Amino acid sequence: MQLVLPAFILHWYISLFSQTFFLHRYSAHKMFVMNKFWEKFFYFLTYLSQGSSFLSPRAYAILHRMHHAFSDTKKDPHSPMFSSNVFMMMWKTKDIYNAVLNRKSNVEERFEHDYPVSKTIEKIGDSWISRVGWGVAYASFYIFAYIQFDMHWLFFLLLPVHFLMGPVHGAIVNWSGHKYGYQNYDNHDHSKNSLVFDVIMMGELFQNNHHKLPNQVNFASKWFEFDPTYPLIKILTWLKIIKPNIKPADAKF
């Protein structure tokens, strides 16, 4: 337990940071800019942290822009309003994601622009060799902990979360963020803020705020709300790793 639980928490938060900072706020919304070195750095960090569930920044950006444009309508790629349960929503999202990733879907031109591209990382991250390899690595770590440190067998139930870390985060955000919580704004959709202090999802569950103010870097809107990713963005800005973008990619949304 002393080894496995900290490792799980570390994987959860580094992967979640990659998703909210790089895939969401940078790739989809272009809330800030960075040079090519740092773009490749965070691209690679996303691959390392998501591992077997690596999500393409291009496909993620397109689906998320569609989500804003068609929020909670039948064209929304991941709205809980048209799925009987979270697993059905995840399956539907997977199909749309794969169609966009493999360019088998006609994407509107307004969604297909201004996202980071690394053909090498993309090719490796989306390969079955990489996905299976990461899965074997996670399982091997747990087997090692079980043999060497007398880990309780119940911890093996965490393995599916490791395998599907990226989609799990997305499912929590899109299901909970459009089903449960409170609303600060009437956005003409079902977006909600699930938590006042969104530590567990690093600000991603302020969906109602984000749909109202999609270009606002701080997902918290009211004085009593807290977005844990925002201070990290302020630090990265202070370090001159990133700087605010005056013309975000999704301004039209």
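The values are calculated or read from the model by the stated rules, or taken from the named source; none is laboratory data. All of these numbers come straight from a predicted model, not from anything done at the bench. A quick note on method: Cβ atoms are made from the backbone with ideal geometry, for glycine too, and the neighbour counts reach across all protein chains shown.
Considering LYS247, LYS252, LYS212, which residue is modelled with pLDDT of 95 or more and basic (Lys, Arg)?
So the residue among LYS247, LYS252, LYS212 that is modelled with pLDDT of 95 or more and basic (Lys, Arg) is LYS212.
Identify the residue in segment 215-229 that is in contact (Cβ under 8 Å) with a residue 40 or more places away in the chain and closer than 20 Å to SER18 by Cβ and, among all such residues, is surrounded by the fewest Cβ atoms within 10 Å (Cβ to Cβ).
VAL217
Whether any residue in segment 154-173 is assigned to a loop (DSSP other than H, G, I, E, B), free of Cβ contacts under 8 Å to residues at least 12 places away in the same chain and surrounded by fewer than 17 Cβ atoms within 10 Å (Cβ to Cβ) is what I want to check.
Looking through segment 154-173, none of the residues is assigned to a loop (DSSP other than H, G, I, E, B), free of Cβ contacts under 8 Å to residues at least 12 places away in the same chain and surrounded by fewer than 17 Cβ atoms within 10 Å (Cβ to Cβ).
Hey, any hits in segment 141-149 for a residue that's under 21 Å from the mean Cα position of the chain (by Cα) and in contact (Cβ under 8 Å) with a residue 24 or more places away in the chain?
Looking for residues that are under 21 Å from the mean Cα position of the chain (by Cα) and in contact (Cβ under 8 Å) with a residue 24 or more places away in the chain, one finds none in segment 141-149, hence no.
Return the total of residues in segment 190-214 being under 22 Å from TRP12 (Cβ atoms) and either without any contact (Cβ under 8 Å) to a residue 40 or more places away in the chain or not hydrophobic (A, V, I, L, M, F, W, C) (or both).
Going through segment 190-214 one residue at a time, the tally reaches 14.
Quick one: count up the residues across segment 53-85 that are of a type in the set (S, T, N, Q) and either under 17 Å from ARG110 (Cα atoms) or touching a Leu at 6+ places or on another chain (Cβ under 8 Å) (or both).
Within segment 53-85, residues that are of a type in the set (S, T, N, Q) and either under 17 Å from ARG110 (Cα atoms) or touching a Leu at 6+ places or on another chain (Cβ under 8 Å) (or both) number 3.
Between LEU63, LEU23, LEU45, LEU55, which is surrounded by fewer than 18 Cβ atoms within 10 Å (Cβ to Cβ) and either modelled with pLDDT of 95 or more or in contact with a Cys (Cβ under 6 Å, 6 or more places away or on another chain) (or both)?
LEU45
With the condition kept exactly as written, say whether any residue in segment 174-189 is buried (at least 17 other Cβ atoms within 10 Å of the Cβ), of a type in the set (Asp, Glu) and under 22 Å from VAL33 (Cβ atoms).
No, because not a single residue in segment 174-189 is buried (at least 17 other Cβ atoms within 10 Å of the Cβ), of a type in the set (Asp, Glu) and under 22 Å from VAL33 (Cβ atoms).
Being closer than 24 Å to LYS179 by Cβ and in contact with a His (Cβ under 9 Å, 6 or more places away or on another chain) is the filter here; which residues of segment 28-60 pass it?
Within segment 28-60, ALA28, HIS29, SER53, TYR60 meet the criteria.
Which residue out of LEU205, LEU195 is under 22 Å from PRO167 (Cα atoms), crowded, with 18+ Cβ neighbours inside 10 Å and modelled with pLDDT under 95?
After applying the criteria, what remains is LEU195.
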